[in-house]
Amino acid sequence: MSTALSIRQLTKTYGNGFQALHGIDLDVAEGDFYALLGPNGAGKSTTIGILSTLVTKSSGSVNVFGHDLDKQPSALKRCLGVVPQEFNFNQFEKAFDIVVTQAGYYGIPAKIAKARAEQYLTQLGLWDKHNVPSRELSGGMKRRLMIARALVHEPRLLILDEPTAGVDIELRRSMWSFLTELNQQGITIILTTHYLEEAEQLCRNIGIIDHGRIVQNTSMKDLLKTLHVETFLLDLKESLLVPPQLLGYAAQLLDHHTLEVQVDKNQGITELFRQLALQNIEVLSLRNKTNRLEELFVSLVEKNLAGAVV
Amino acid sequence: MSSNYLNSELAANMVALRTIVYREIRRFTRIWPQTLLPPAITMVLYFVIFGNLIGRQIGDMGGFTYMEYIVPGLIMMSVITNSYGNVVSSFFGSKFQRSIEELMVSPVSPHIILTGYVTGGVLRGLAVGFIVTMLSMFFTKLQVHHLGVTVLVVLLTATIFALGGFINAVFARNFDDISIIPTFVLTPLTYLGGVFYSINLLPPFWQTVSLVNPVLHMVNAFRYGILGVSDIRIGVAISFMLVATAVLYGVCIRLLVSGRGMRQ
């Protein structure tokens, strides 16, 4: 499988002296669904900005499907579709015109552009709004419009910068299945998101960026394996006044009906339930306190922060 | 590079150019009450007040009635303000709404982006110029003395001011910045550019000072095309406009390539 994106020693120092990227290296394979995560100000948007040529890099190289950013910017741009974090279309234009116009910028003749605009607006559930000025669309519709616009020239690499921010859960799930479908069709996708459940569900590989450095770059599976302790919340049938004694587990009562238990991955939860049953404690339901990826993400970022402070 | 690649690049850029021009035309025709109607009303007022009422008291100028004399200047004034205004508001609007990013992330060459915006400005300038010309027919008989010069001068003037509008839009950071140049530079230059008078009426010192006003060259060259009279040499005026077009185009391309005001 060839490389869709290759970044080498990429640095960016802004005019005010702030160094946003400290020489990052990143490879994304063709066909991958890759999560690029990081806290606010970590360098995600700067990286995406450089890829889409809206931010000028200070040094390093960027290569998309073999096209070098410095030597073949035009060929690189044809491979790339970008869905930015903020709405960046003409608020006075109609949704259909926005998509068709974008196709025109890529040299796609009007007839084909109109057919594709109809196809993508329909797939994204926006066709009944195609003649509506974009400023009249809801937030979720505007996000979908930006996805349709990014797809109209049929890019091989799609970069989505928080595409589901502010989108309700139902719509988010339908966008997930749409993105999964695109990925299955062969489009490489790079996703940044603050919804870690989204990254865990959709992405095969993951990079975590913090303070302008890649602090983790691995497969989602391998990363989740490194999670040693998971925290579960147990909803109890009967109320408890003191936490039960559970050998090998750290437990505390959050309220009389909710027990928080930390479970080491080598222990499993069978033994936990056995001990609870022995004490006649009946559990109604069980859930993770936080998303597994979120626990890892927080620990990695905190570790990096501690390193930076030292 | 293979010829096939170059041909496909050229074809793609031509589609992109058409797209930008079409989008610009769509913009200024969609908001015609703001773009096409006001200059028509303003110019009718000029014709009535300056040409008809005051002009009758002034008498002939350069061998023509005052109305005949000012019509070319007023047409040119509307071309100048509209070609400039179209590009400065459209490009700054794109920056303000960040829709300029749609163009920046696409493979369109800077030359095509600039040509697209400038063509949009020129077309609006010509559209308004045409409307004003039609309206002037209600007030005077208009005969074109030299069609070639008329067309060349109006195209060069519209291009120069469209390029000027582009530079203004690149540097503008807020809406005030796109009105400062038209108010404090463009309007005085136009009014002092021989629209309403012949510089021969001025004392010799002010005649010489007037020669550094670029609008004077454009208005007089256009007046030469329409009436056959000019205060300045037509060859000098056209040469000046050609040089100004080339220099401004170069400046605009440099700004676009550097991404000033558009890239971080």
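Remarks
Okay, residues lined up against (1) more than 18 Å from B:Arg26 (Cβ to Cβ); (2) in contact with a Lys or Arg (Cβ under 7 Å, 6 or more places away or on another chain); (3) small (Gly, Ala, Ser):
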position: B:Gly120; (1), (2), (3): no, no, yes
position: B:Arg124; (1), (2), (3): no, no, no
position: B:Thr140; (1), (2), (3): yes, no, no
position: B:His145; (1), (2), (3): yes, no, no
position: B:Gly148; (1), (2), (3): yes, no, yes
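- Selection within region A:80-102: residues that are of a type in the set (Val, Ile, Thr) and more than 17 Å from the chain's Cα centre (by Cα). The member of this set that is nearest to the other protein chains (Cβ to nearest Cβ) is A:Thr101.
- In region B:242-264, the residues that are within 12 Å of another protein chain (Cβ to nearest Cβ) form Cβ pairs under 6 Å with partners that are β-branched (Val, Ile, Thr) and assigned to a loop (DSSP other than H, G, I, E, B), at six or more places apart or across chains, as follows: B:Arg263/A:Thr56; B:Gln264/A:Val55.
- Being in a helix (DSSP H, G or I), away from every other protein chain (no Cβ under 14 Å), in contact with a Cys (Cβ under 8 Å, 6 or more places away or on another chain) and surrounded by 19 or more Cβ atoms within 10 Å (Cβ to Cβ) holds for only one residue in B:Leu123, B:Leu186, B:Leu156, B:Leu163, and it is B:Leu163.
- Filter pass, A:Phe65 being hydrophobic (A, V, I, L, M, F, W, C) and either crowded, with 22+ Cβ neighbours inside 10 Å or at the interface with chain B (Cβ under 8 Å from one of its Cβ atoms) (or both): no
- From A:Ser138, A:Ser59, A:Ser74, residue being at the interface with another protein chain (Cβ under 10 Å from one of its Cβ atoms), of a type in the set (S, T, N, Q) and surrounded by fewer than 19 Cβ atoms within 10 Å (Cβ to Cβ): A:Ser74
- Qualifying residue in region A:103-115 (condition: in contact with a Lys or Arg (Cβ under 9 Å, 6 or more places away or on another chain) and in contact (Cβ under 8 Å) with a residue 60 or more places away in the chain): no
- Residue count for region B:176-190, restricted to those that are farther than 13 Å from B:Gly85 by Cβ and of a type outside the set (A, V, I, L, M): 4
- A:Thr47, sole failed condition from (1) more than 14 Å from chain B (Cβ to nearest Cβ); (2) at pLDDT 90 or above: (1)
- From B:Ile131, B:Ile54, B:Ile70, residue being over 25 Å from B:Glu24 (Cα atoms), of a type in the set (A, V, I, L, M) and within 24 Å of the chain's Cα centre (by Cα): B:Ile70
- Residue count for region B:5-58 under the criterion of being within 14 Å of chain A (Cβ to nearest Cβ), polar (S, T, N, Q) and surrounded by fewer than 17 Cβ atoms within 10 Å (Cβ to Cβ): the result is 4.
- Wholly enclosed strands (runs of 3 or more DSSP E) of region A:143-248 bearing at least 2 residues buried (at least 22 other Cβ atoms within 10 Å of the Cβ): A:157-161, A:188-192, A:205-210
- Single residue of A:Ala29, A:Ala42 found to be in the same structural domain as A:Trp176 (by TED's automatic domain parsing), at pLDDT below 90 and among the small types (Gly, Ala, Ser): A:Ala42
- The sole residue among B:Lys95, B:Lys141 that is surrounded by fewer than 24 Cβ atoms within 10 Å (Cβ to Cβ), away from chain A (no Cβ under 14 Å) and among the basic types (Lys, Arg) is B:Lys141.
The values are calculated or read from the model by the stated rules, or taken from the named source; none is laboratory data. Values in this document were obtained by computation on a predicted structure and should not be read as measured data. Cβ atoms come from the backbone with ideal geometry, glycine included; neighbour counts cover every protein chain shown.
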